[in-house]
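A quick write-up on the structure given underneath.
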Amino acid sequence: MEELIANERLHYIEPHHKKVFIDKMWEIGKAINEHKYIEITYEKLKGNQKVSRKLQPLAIMFSEYYFYLAAHIENIDREKEFQVANDMYPTIYRIDRICGLKVLDEYFKIPYKDRFEEGEYRKRIQFMYGGKLQRIEFWYKGQSIESVLDKLPTAEIIKEEDGNYLVRAETFGSGIDMWLRYQGENVELVKKF
C-alpha cells in the first residue's frame, strides 16, 4: 500500500494556511465525546473579522481539503445573524480558522432521537456551505451521470431522454449553486423548491 500512495505523498501540496491544529482537533473531539461546551474565537473568511462564539460541538468533518467543526451556537440573535432564523441545523466552522479555543466545564444534553447525524448531513451539503434545506431539479447533459450521483448522494434520476438525465436532489445552502455553475453547459437548472 505504501508503494501505491508514495507518488501521491511525494506530490502532496498542503493548504496555503500552513497551520498546525491537531491539538485543537483533539480538544474539540474530546469535547464532542464528553458533550462539553466550547468557546472559540473565529476568524471569518471575509474582512479578517474575528468573532467569539459559545458552541455545542457536534462533529468534526473533512471536505475539500479542510477539516470542519459542525456546532450549534449558544446566545446569538438568530434573526440578525442568520439567513434562516429558525435554522435547526448546525453552523460550520473551518478548524484552521479557529484562533482561540477553550473547553468549558459546562455540559449540554441532546436527546438521542435529536442527535446530529453527520452522515445524513454530509449527503446534503456541498463545499461545506450551510443554509436552508432545499430541493433542486436539473438536467444533466454530461458524460458521467455516476459522478453526479457520487457528488450528490441524495440525487435520484427522475427521467432519461436521449442520454440526458433529469435529476432531483436535496441540498443545504448555496454550495450547490457553485457546483452547478462549475458544470457549465452540462447542467440546466429546472427549479429549486
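Nothing in this text is a laboratory measurement; each read-out follows from the coordinates by a stated rule. Computed from a predicted model, the values in this text were never measured in an experiment. Glycine gets a Cβ as well: all are built from the backbone with ideal geometry, and neighbour counts include every protein chain shown.
The simple spin-label model puts a point 7 Å past each Cα toward its Cβ; for GLU156 and SER174 those points are separated by 3.0 nm.
Close amide H pairs (under 5 Å, H built 1.01 Å from N) link LEU104 with TYR37, ILE38, GLU39, residues at least 5 positions away or on another chain. Taking a straight line from the alpha carbon of LYS192, these aspartates and glutamates sit under 17 Å away, with near neighbours fewer than eight places off in the same chain left out: GLU137, GLU156, GLU170, ASP177.
Every pair of different Cα atoms in the range 10-122 enters the Kirkwood calculation, which places the hydrodynamic radius at 15.1 Å. Charging the Cβ of each Asp and Glu at -1 and of each Lys and Arg at +1, and nothing else, the dipole of the range 133-192 about its Cα centre rounds to 260 debye. Overall, the range 89-193 carries a charge dipole of about 420 debye about its Cα centre when +1 sits on the Cβ of Lys and Arg and -1 on the Cβ of Asp and Glu, all other atoms neutral. Quick one: if the Förster radius is 35 Å, what FRET efficiency do SER144 and ASP23 give, using the C-beta to C-beta distance and rounding to 0.05? After rounding to 0.05, the efficiency reads 0.30. Backbone geometry of the range 107-124 corresponds, through the Karplus equation with coefficients 6.51, -1.76 and 1.60 at θ = phi - 60°, to 3J(HN,Hα) couplings of 10, 10, 10, 10, x, 3, 5, 9, 4, 7, 10, 4, x, 5, 5, 4, 5, 10 Hz, x marking Gly and Pro. Straight-distance candidates among the lysines for linking to LYS50, with alpha-carbon spacing under 26 Å and chain neighbours fewer than 8 residues away dropped: LYS18, LYS19, LYS24, LYS30, LYS36, LYS80, LYS102, LYS132.
Short-range pairs are left out: with C-alpha atoms under 8 Å and at least six residues apart, the relative contact order of the range 133-192 is 51 percent. Each peptide in 24-34, 41-51 was scored by the mean count of other Cβ atoms within 10 Å over its residues; highest first, the order is 24-34, 41-51.
Put simply, when 94-103, 146-155 are sorted by average Cβ atoms within 10 angstrom per residue, most first, you get 94-103, 146-155. Which whole-angstrom value gives the distance between the alpha carbon centres of the range 1-65 and the range 167-193? With the range 1-65 and the range 167-193 each reduced to a Cα centre, they are spaced 27 Å. The charge dipole of the chain, taken about the Cα centre with unit charges on the Cβ atoms of Lys, Arg (+1) and Asp, Glu (-1), comes to about 720 debye, rounded to the nearest 20.
Think of the range 129-193 as having a plus end and a minus end, set by charges on the Cβ of Lys, Arg, Asp and Glu; of GLY142, LEU166, MET178, MET178 sits farthest toward the positive end of this dipole.
The alpha-carbon of LYS141 sits under 17 angstrom from the alpha-carbons of these lysines, leaving out residues fewer than 8 places away in its chain: LYS151, LYS159, LYS191. What FRET efficiency comes out for TYR107 versus LEU10 if R0 is 45 angstrom and r is the Cβ-Cβ distance? Round to the nearest 0.05. With a Förster radius of 45 Å, E is 0.50. Measuring max minus min along each principal axis, the C-alpha atoms of the chain give extents of 60, 49, 37 Å (largest first).
Under Stokes-Einstein, with the Kirkwood radius over Cα pairs as Rh, the value for the range 134-185 at 25 °C and 0.890 mPa s is 219 µm²/s.
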